[in-house]
1. Within the group A:ALA245, A:ALA287, which residue is part of a helix (DSSP H, G or I), of a type in the set (Gly, Ala, Ser), surrounded by fewer than 18 Cβ atoms within 10 Å (Cβ to Cβ) and within 11 Å of another protein chain (Cβ to nearest Cβ)?
2. Kindly provide the set of residues from segment B:164-191 that are within 28 Å of A:GLN274 (Cβ to Cβ) and more than 18 Å from the chain's Cα centre (by Cα), ordered by number.
3. Is it the case that C:GLU268 is under 12 Å from C:SER351 (Cα atoms) and open to solvent by 60 Å² or more (accessible area, probe 1.4 Å)?
4. Residues of segment C:58-69 being closer than 23 Å to C:SER18 by Cβ, part of a loop (DSSP other than H, G, I, E, B) and more than 14 Å from chain B (Cβ to nearest Cβ), which ones?
5. Of all residues in segment C:113-131, which are more than 12 Å from C:THR92 (Cβ to Cβ) and open to solvent by 50 Å² or more (accessible area, probe 1.4 Å)?
6. Take A:PHE99 and decide whether it is assigned to a helix (DSSP H, G or I), at the interface with chain B (Cβ under 7 Å from one of its Cβ atoms) and either β-branched (Val, Ile, Thr) or under 20 Å from the mean Cα position of the chain (by Cα) (or both).
7. Inside segment C:327-340, can you point out the residues that are open to solvent by 20 Å² or more (accessible area, probe 1.4 Å) and over 14 Å from C:MET300 (Cα atoms)?
8. Just wondering, is there one or more residues in segment B:220-231 that are in contact with a strand residue (DSSP E or B) (Cβ under 6 Å, 6 or more places away or on another chain), part of a helix (DSSP H, G or I) and either within 14 Å of chain C (Cβ to nearest Cβ) or surrounded by fewer than 20 Cβ atoms within 10 Å (Cβ to Cβ) (or both)?
Amino acid sequence: MSRARRGSAAMRPPIRLFRNLSSKLAAIPMVLVGLGVFVGGTAWTIVHSFTDSRLLPRLRWVGLDQYERLWSTRRWLVSIENLAVYGVVSLVLTMCLGFFLAALLDRKIRYEDTFRTIFLYPFALSFIVTGLVWQWILNPDFGIQSIARGLGFSTFNFDPLYNPDLVIIGLLIAGLWQGTGLIMVIMLAGLRGIDEDIWKATRVDGIPVWKTYIIVIIPMMKPVFVTALVLVTSGIVKLYDLVVAMTSGGPGIASEVPAKYVYDTLFTRQNLGQGFAASTMMLVTVAIILIPWAYMQFREKRQ
Amino acid sequence: MTAAEMNMKLAVTPRGAKPRSPFAPRNIMLYGTLIVFSIYYLLPLYVMIVTSLKDMAEIRVGNVFSPPVDITFQPWVKAWAEACTGINCDGLSRGFWNSVRILIPSLIISVSVAALTGYVLACWRFKGSEVFFGILLLGAFIPYQVLLYPLVIILRELGLFGSLWGLVLVHTIFAMPINVLLFRNYFVAIPEELFKAARVDGAGFWGIFFRIVIPMSLPIFVVSGIIQVTGIWNDFLFGVVYTRPENYPMTVQLNNIVNSVQGVKEYNVNMAATLLTGLVPLTVYFFSGKLFIRGIAAGAVKG
Amino acid sequence: MTQSISIKDLTLNFGAVSVLEDLNLDVAQGEFLVLLGSSGCGKSTLLNCIAGLLDITDGEIHIQGHNVTWEEPSKRGIGMVFQSYALYPQMTVEGNLAFGLKNARVPKDEIAKRIARAAEVLQIEPLLKRKPGALSGGQRQRVAIGRALVRDVDVFLFDEPLSNLDAKLRADLRVEIKRLHQTLKNTMIYVTHDQVEAMTLADRIAIMKGGQIMQLAPPSEIYNRPVNKYVAGFIGSPAMNFMDGQLDGGAQHFDTGRGLDFSVQGYEFAAAPTSGPVWLGLRPEHVQSGKWAEGQPVQMEALVDMVEPMGSDTQVWAKVNGQDLRFRMDGQEAVAIGDRIPIGFDPARLSLFDKSTETRL
């Protein structure tokens with residue numbers, strides 16, 4: 001240990017900014033991404049949603065015109081309606097199915113790993129792959145409809161991808177197939193987090209298993225449900241690839257969704273201001289879901 | 001619930017009542033239900049495989065579920081080397097290699113940047129670092145559509161628009177929130193005294209990172225790598241927006257092949273192509289097992 | 001004699017919270033100083049400041065005559081041993097010992113020489129090729145001490161090094177650390193919350209509370225003449241008995257006002273004796289009972305409330321004229337709840353504290 005290297009620099013406190021210099025340099029990407037992209041980009045989009053930008057962004061203010069036009073466009077209204085229907089149904093079914101499967105796997109069964117692997121593998125696949133496979137299975141000429149008819153149900157009709165009234169069901173079947181595994185894993189983690197003594201106590205009290213789940217376990221898993229809820233919802237808002245692969249928004253505009261509306265408006269119809277207004281509405285949707293959740297998390301932390 | 005807690009909980013053994021005889025009515029119902037669901041989840045994989053092994057004549061007379069009579073690998077060859085995307089007819093191979101060329105630099109850069117940032121946040125906090133981390137986490141919830149166009153501008157200014165490196169940058173940016181969180185949480189759990197000891201031993205910011213932290217943290221690098229491989233490989237939106245057709249990743253090319261309106265639909269080729277595209281993430285999934293689950297449980301916080 | 005460590009007006013704030021305030025401390029060359037206090041008293045914080053692991057807000061730190069206030073920890077001429085051992089898990093024991101020396105660019109043969117010597121002193125030669133995960137807690141802490149040893153420094157800092165070990169090992173390593181100090185004659189600063197460690201190891205003990213040093217003195221003085229009520233209650237097990245009451249009669253007589261009063265003649269006042277409200281402290285082991293109570297300057301009768309036989313001795317909870325009193329009896333004496341037994345003590349061994357300032361009178 002050489003003590004000769006101690007210079008006079010040691011006598012003075014180092015300049016504040018240069019303390020921890022390497023760490024500050026290493027944080028530059030985070031700062032750039034956080035401020036430059038996330039904050040800056042969001043602000044940029046919101047600001048330009050109040051302009052009449054078309055092919056190129058420009059700052060000519062038109063107030064809320066873009067939003068008024070947006071909310072009087074039929075395609076946007078259909079998109080919102082689709083998202084709402086898809087969102088609510090998929091949310092309820094994903095949560096129920098995810099919890100149900102997790103509860104089944106938690107019953108000390110054999111081959112738990114195998115079942116879990118089966119339920120989760122679709123999550124590893126892209127929405128494009130998911131959409132294309134289900135497009136094929138739901139094909140009316142070769143898929144489920146033709147099989148049912150071949151079995152003698154000659155009037156059986158199930159062609160969701162060609163029927164504007166049913167197309168959301170088609171999307172739901174594929175979306176649930178891809179996404180429930182994730183929720184199941186999260187619910188399973190939540191179930192494993194419950195104290196074994198709770199189970200012992202309910203058995204001593206003679207409460208049936210199904211009742212234990214409803215009265216005791218589910219209320220205890222509230223934080224897990226909330227996490228899963230946020231997860232599923234923000235995934236639903238982003239719904240895009242699946243629609244592109246499965247229906248391209250069709251038949252007609254029957255399966256359009258907001259994310260697709262934004263993409264098409266920005267990049268194919270080159271109506272930037274309109275696209276920015278639509279994406280700002282998506283941000284608002286997320287914020288409405290997120291703010292109560294963030295508030296809850298914050299309050300829990302403080303307690 | 002934090003990712004770390006979930007990881008721990010997944011490692012715990014199953015809970016619930018003791019198993020009874022395997023043929024008790026309760027167990028028959030339990031396993032019966034699990035098997036029915038397994039069929040739903042496995043069906044698309046099965047359909048993909050059998051369809052891709054039939055020739056078109058056989059497909060036209062049968063249904064999607066019937067096993068192939070004459071196994072042919074011709075669809076696979078065609079999907080790989082000859083299928084048309086509407087622009088060119090050299091199959092998915094081009095998209096595959098594009099995806100590989102996108103994946104490798106994106107993987108290396110995004111994981112390195114995230115690890116370094118996580119290290120700063122866990123071990124070398126400075127005034128304001130937590131604020132930037134908060135902004136970064138919020139960024140995970142911003143719908144991509146809001147940031148699509150601002151990123152177009154950023155990439156254009158950097159001269160990267162349309163190039164592979166532009167897409168690499170986009171993947172790195174959007175990978176940051178979740179992966180930084182992952183690394184930060186892992187590094188925070190390393191005992192603080194270890195850093196103190198290393199500082200007394202004369203190691204600095206980089207010395208501690210490369211000689212102490214990285215050798216201790218291989219599992220989390222694997223988890224982060226898995227998230228990134230599947231995420232980047234499955235990406236569709238960024239591929240469409242930020243690259244030119246000659247650089248399109250595999251998912252985009254797959255969608256163009258299957259949903260191209262020209263020519264006769266070759267379902268067997270389509271399914272072979274779909275399966276080929278899903279093969280990389282599926283391989284990662286089946287080989288990584290528990291680590292994949294750790295990754296998505298960690299990602300659960302992200303949404 | 002030059003001071004080994006000299007701390008001048010050290011202040012440390014975390015934001016608006018003051019953790020250490022205007023702290024002054026001098027440690028002599030070769031001294032074994034123990035920082036003792038309950039958790040949150042600032043003892044580990046002070047040690048981290050000395051090591052340079054925390055940037056201080058104000059003040060100066062000198063080690064071996066050099067001002068090291070803003071020096072990197074590795075250049076302060078210190079070695080440090082941590083509670084959790086803090087061994088690098090992916091390196092062998094040898095690698096752990098060599099890490100700091102390699103960073104300081106010590107020549108290879110010199111590294112080997114120092115490791116060999118430290119391994120011999122600590123008897124860890126057979127462990128050199130193993131990884132920390134394969135060692136027991138005691139072995140790990142030996143390696144951690146070795147890591148400080150190979151640095152060949154004048155000052156060793158210990159941060160609760162024995163707290164993670166079980167009782168038996170703790171006693172063994174305590175002796176070993178003491179022996180090490182006697183061989184090496186380095187300056188050692190040792191943080192602990194365990195008063196037994198403090199009493200047995202220290203040349204001087206600094207008792208800390210709320211970021212301040214309450215008393216800095218050799219162990220015997222801390223035990224016999226605690227400067228305030230906090231120190232008196234902190235040192236000693238079982239804890240000191242406290243009675244509140246009034247000192248009067250020319251400060252020669254103590255009265256609880258609830259039926260118990262006795263003379264304190266023979267007590268050595270630190271300053272001129274004054275009358276007034278006081279706390280009176282009496283260590284359980286200074287109370288004599290049964291036949292040993294005879295001949296004590298103060299004698300009274302105790303009613304036994306509760307008995308805890310410990311083998312070698314018996315702890316007795318008793319009431320003396322309405323006042324709770326704990327004391328120790330020989331383990332061979334028969335005593336039962338409800339017994340009335342004579343007790344006695346010498347006022348010279350009492351401690352008297354001012355009621356309001358709680359400082360020693």
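The values are calculated or read from the model by the stated rules, or taken from the named source; none is laboratory data. Because the structure is predicted, anything quoted here is derived from the model rather than measured. Every residue, glycine as well, gets a Cβ built from its backbone with ideal geometry; the counts of neighbours run over all protein chains shown. With ligands, DNA and RNA removed, areas are computed over all heavy atoms of the protein, side chains included. Shrake-Rupley method; radii C 1.70, N 1.55, O 1.52, S 1.80 Å.
1. Numbers: A:ALA245 fails: surrounded by fewer than 18 Cβ atoms within 10 Å (Cβ to Cβ).
A:ALA287 is the lone residue from the list that is part of a helix (DSSP H, G or I), of a type in the set (Gly, Ala, Ser), surrounded by fewer than 18 Cβ atoms within 10 Å (Cβ to Cβ) and within 11 Å of another protein chain (Cβ to nearest Cβ).
2. B:GLY166, the sole residue that qualifies.
3. In short, yes.
4. Of everything in segment C:58-69, just one residue is closer than 23 Å to C:SER18 by Cβ, part of a loop (DSSP other than H, G, I, E, B) and more than 14 Å from chain B (Cβ to nearest Cβ), namely C:THR69.
5. Matches in segment C:113-131: C:LYS113, C:ALA116, C:ARG117, C:GLU120, C:VAL121, C:GLN123, C:GLU125, C:PRO126.
6. Working: assigned to a helix (DSSP H, G or I): yes; at the interface with chain B (Cβ under 7 Å from one of its Cβ atoms): no; either β-branched (Val, Ile, Thr) or under 20 Å from the mean Cα position of the chain (by Cα) (or both): yes.
Considered against the rule, which asks whether it is assigned to a helix (DSSP H, G or I), at the interface with chain B (Cβ under 7 Å from one of its Cβ atoms) and either β-branched (Val, Ile, Thr) or under 20 Å from the mean Cα position of the chain (by Cα) (or both), A:PHE99 comes out as no.
7. The initial filter retains those residues of segment C:327-340 that are open to solvent by 20 Å² or more (accessible area, probe 1.4 Å), namely C:328, C:330-340.
The answer is C:ARG328, C:ASP330, C:GLY331, C:GLN332, C:GLU333, C:ALA334, C:VAL335, C:ALA336, C:ILE337, C:GLY338.
8. Let us first name the residues in segment B:220-231 that are in contact with a strand residue (DSSP E or B) (Cβ under 6 Å, 6 or more places away or on another chain), namely none.
Scanning segment B:220-231 turns up no residue that is in contact with a strand residue (DSSP E or B) (Cβ under 6 Å, 6 or more places away or on another chain), part of a helix (DSSP H, G or I) and either within 14 Å of chain C (Cβ to nearest Cβ) or surrounded by fewer than 20 Cβ atoms within 10 Å (Cβ to Cβ) (or both).
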